[in-house]
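**Student:** The structure's right below; bear with me while I get my questions together.
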Amino acid sequence: MIETFGKKLRELRIHTGTGLRELARLIDKSPGYLSDVEHDHVPPPSEDVILKIATALTVDKRELLTVARKMDPEISSYVAQEPDAADFLRMAKEKEFDRDDWERLSKLAEAAKLGKVGRNKR
Amino acid sequence: MKVPWRSKKAISDAASWLRVQYQASTSLPVSPPVPVEDIIERGLGLKLGFTDLRKKLKLGDVLGATYVKDKSIWVDQSLADDQNEGRLCFTFAHEAGHWVLHREFIDQACRKGDNGAYIFCRLSHAKKPVEWQADYFASCLLMPEKEVKQAFTEVFGSEPLILYNEKSCFDGPICFDPCAQNWPLIATAVKAAGGFHNVSKQAMIIRLQDLGLVQNETRVRLTWKECFALV
C-alpha cells in the first residue's frame, strides 16, 4: 500500500499521543484542515507547516518531508548558496542517477569528507 | 434504525469496559476529563475527522456520523469551530457509543454511503432509542458514576440535593440555595470539584439526576430554556 503524507502524519500523531485538535492548535491551523490533510483530501502542507508539525510532535522532519516529496528549506537554502552543489544535482538529474548511484555516491562523499578530516588532523 | 432494548446498567457497563480497555492498552489512567478523542483513536482504533457533514449528507442538523466499514467517526466542522468543548466531546462520546453498541446493526440496516454502512446523528432524531442509547453511553463514558459521586459528595455532602423550589430565596453571588433556577451553579460546582472540564453543565445536571444525586421536585425541567424563563 502506498504511504501517503496523511497516513504517515496520522500514524506519527497517534504514536506520540497527540490529539488532532491539540496538534491543530500547536501549528495554528484549524482541526478541519488538519483532518483533511490526514485523510489526504488536500495536498500535503507547505514545507514550513511540515516543519512546525515535526517540531510539535518531536519527530524527525525528514520522515514527513520525504513522504510529502518536499525539500527541507535548509537544504534549498544550502543549494542556493553553493553553486557547485546545484551544478552537481543538475548533472545527477541529467545522468538519471538511481538509488544505487546515490548510495555509492554517499559512501564516496563520506569517505572523501573523512579523508579531508584526517588530513586536517595530521 | 431499530436496535434491541438495553438496560441502563448494560450501557454503563459497556462504557466502563471501554475505559478499562483503553487504560490497559495505553497504560494511561482514565480520570476526568476523560480523553475521549484518544479513546476513539487509540482505544478503539478508529479514524477521527472533522468535515462539513451538513453539506456532505445534505442534512441541516447533523452533528456526527460513524462509518463501520471505513472504521471512522466524523464530526461536523461547526462543532470544532464553535469551541464548545462540552458539546464536541459529548458528540465524540456519542459516536463512540454507536460504535460499541450498534456497529453490527449499522452494517445491516443503514443506508449505504460512499464509505459503506454508516449512521448519522441529527438533533431531530435525539429521542429515537438508538440515539438515546448512544447519549446514555456518552454520559457514562465522560462522567463515570464513582467519580461523579465523589465530586458531588465533596461539594454537597453525602445526601442528595432535593429541589423543592423553582426560584432562589437568596439574592447574591456568595451563596446559593438548591432550587431549579440554580441548576447551572450546582452543575458547575460538581464539574469543578471532579475536573469534568470537557462536559457541559447541561450534561452534568442530567447525569446528577440520573444518579439520584439531584432530585427535582418542581414542575420545571432543568434546562437552559426553563432556567432563563424563571429569571
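**Student:** So, A:Ile27, is that one more than 14 Å from chain B (Cβ to nearest Cβ), touching a residue at least 24 places away in the same chain (Cβ under 8 Å), closer than 30 Å to B:Ile39 by Cα and under 15 Å from the mean Cα position of the chain (by Cα) or not?
**Tutor:** no
**Student:** Quick check on my filter: what residues within the stretch A:30-50 are facing chain B (nearest Cβ under 10 Å) and hydrophobic (A, V, I, L, M, F, W, C)?
**Tutor:** The answer is A:Leu34, and nothing else.
**Student:** Return only the number of the condition from (1) open to solvent by less than 70 Å² (accessible area, probe 1.4 Å); (2) not in a loop (DSSP other than H, G, I, E, B) that B:Glu154 does not satisfy.
**Tutor:** It is condition (1) that B:Glu154 fails.
**Student:** Any idea how many residues of the stretch B:52-63 are in contact with a helix residue (DSSP H, G or I) (Cβ under 6 Å, 6 or more places away or on another chain) and within 13 Å of chain A (Cβ to nearest Cβ)?
**Tutor:** 1
**Student:** OK, next. Which of the residues that make up the stretch A:1-37 are touching a strand residue (DSSP E or B) at 6+ places or on another chain (Cβ under 7 Å) and either open to solvent by 10 Å² or more (accessible area, probe 1.4 Å) or of a type in the set (Ser, Thr, Tyr) (or both)?
**Tutor:** A:Pro31, A:Ser35
**Student:** Also, quick follow-up: Within the stretch B:111-137, how many residues are modelled with pLDDT under 80 and surrounded by fewer than 19 Cβ atoms within 10 Å (Cβ to Cβ)? Working first, answer last.
**Tutor:** Of all residues in the stretch B:111-137, those modelled with pLDDT under 80 come to B:111-127.
Now restrict to residues that are surrounded by fewer than 19 Cβ atoms within 10 Å (Cβ to Cβ): B:111-116, B:122-127.
Count: 12.
**Student:** Could we say that B:Val30 is in contact with a helix residue (DSSP H, G or I) (Cβ under 6 Å, 6 or more places away or on another chain) and either more than 13 Å from chain A (Cβ to nearest Cβ) or modelled with pLDDT of 90 or more (or both) here?
**Tutor:** yes
**Student:** When the stretch A:38-48 is examined, which residues are found to be acidic (Asp, Glu) and either crowded, with 19+ Cβ neighbours inside 10 Å or under 16 Å from the mean Cα position of the chain (by Cα) (or both)?
**Tutor:** Of the residues in the stretch A:38-48, the ones acidic (Asp, Glu) are A:38, A:40, A:47-48.
Answer for the stretch A:38-48, where residues must be acidic (Asp, Glu) and either crowded, with 19+ Cβ neighbours inside 10 Å or under 16 Å from the mean Cα position of the chain (by Cα) (or both): A:Glu38, A:Glu47, A:Asp48.
**Student:** Let me ask something else. Only one of (1) in a helix (DSSP H, G or I); (2) under 26 Å from B:Val75 (Cβ atoms) is not met by A:Val42, so which one is it?
**Tutor:** Among (1) in a helix (DSSP H, G or I); (2) under 26 Å from B:Val75 (Cβ atoms), the lone unmet condition for A:Val42 is (1).
**Student:** Search the stretch A:49-62 for residues being open to solvent by 70 Å² or more (accessible area, probe 1.4 Å) and farther than 24 Å from B:Gln77 by Cβ, and hand back the single one that is modelled with the lowest pLDDT.
**Tutor:** A:Arg62
Residue by residue, here is whether (1) of a type in the set (Asp, Glu); (2) surrounded by 15 or more Cβ atoms within 10 Å (Cβ to Cβ); (3) not in a helix (DSSP H, G or I) holds:
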{"residue": "B:Tyr22", "(1), (2), (3)": "no, yes, no"}
{"residue": "B:Glu37", "(1), (2), (3)": "yes, yes, no"}
{"residue": "B:Phe50", "(1), (2), (3)": "no, yes, yes"}
{"residue": "B:Leu63", "(1), (2), (3)": "no, yes, yes"}
{"residue": "B:Asp70", "(1), (2), (3)": "yes, yes, yes"}
{"residue": "B:Ile73", "(1), (2), (3)": "no, yes, yes"}
{"residue": "B:Val100", "(1), (2), (3)": "no, yes, no"}
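**Student:** Cβ contacts < 7 Å: first residue surrounded by fewer than 23 Cβ atoms within 10 Å (Cβ to Cβ), restricted to the stretch B:200-225; second residue charged (D, E, K, R) and in a loop (DSSP other than H, G, I, E, B), any location; separation 6+ or different chain. Result?
**Tutor:** Here the result reads B:Thr218/B:Glu166; B:Val220/B:Glu166, each pair linking the stretch B:200-225 to a residue that is charged (D, E, K, R) and in a loop (DSSP other than H, G, I, E, B).
**Student:** Please verify whether the stretch A:66-76 includes one or more residues that are modelled with pLDDT of 95 or more, in a helix (DSSP H, G or I) and of a type in the set (D, E, K, R).
**Tutor:** No; the residues of the stretch A:66-76 include none that is modelled with pLDDT of 95 or more, in a helix (DSSP H, G or I) and of a type in the set (D, E, K, R).
**Student:** Report whether or not B:Lys167 is of a type in the set (Lys, Arg), modelled with pLDDT under 90 and either outside the structural domain of B:Asp61 (by TED's automatic domain parsing) or surrounded by fewer than 17 Cβ atoms within 10 Å (Cβ to Cβ) (or both).
**Tutor:** yes
**Student:** Also: Give the stretch B:75-98 a look and list any residue that's open to solvent by 30 Å² or more (accessible area, probe 1.4 Å) and at pLDDT 85 or above, or say none.
**Tutor:** Scanning the stretch B:75-98 gives B:Gln77, B:Ser78, B:Asn84, B:Glu85, B:Arg87, B:Phe90.
**Student:** Further question: Yes or no: the stretch A:71-83 includes at least one residue that is under 27 Å from A:Lys7 (Cα atoms) and β-branched (Val, Ile, Thr).
**Tutor:** Start the filter on the stretch A:71-83 by keeping residues that are under 27 Å from A:Lys7 (Cα atoms), which leaves A:71-76.
Filter once more, keeping what is β-branched (Val, Ile, Thr): A:75.
Yes, some residue in the stretch A:71-83 is under 27 Å from A:Lys7 (Cα atoms) and β-branched (Val, Ile, Thr).
The values are calculated or read from the model by the stated rules, or taken from the named source; none is laboratory data. This is a predicted model, so every value here is computed, not measured. FYI the Cβ positions are ideal-geometry reconstructions off the backbone, even for glycines, and counts take in every protein chain you see. Only protein heavy atoms, including side chains, enter the accessible area calculation; ligands, DNA and RNA are left aside. Shrake-Rupley method; radii C 1.70, N 1.55, O 1.52, S 1.80 Å.
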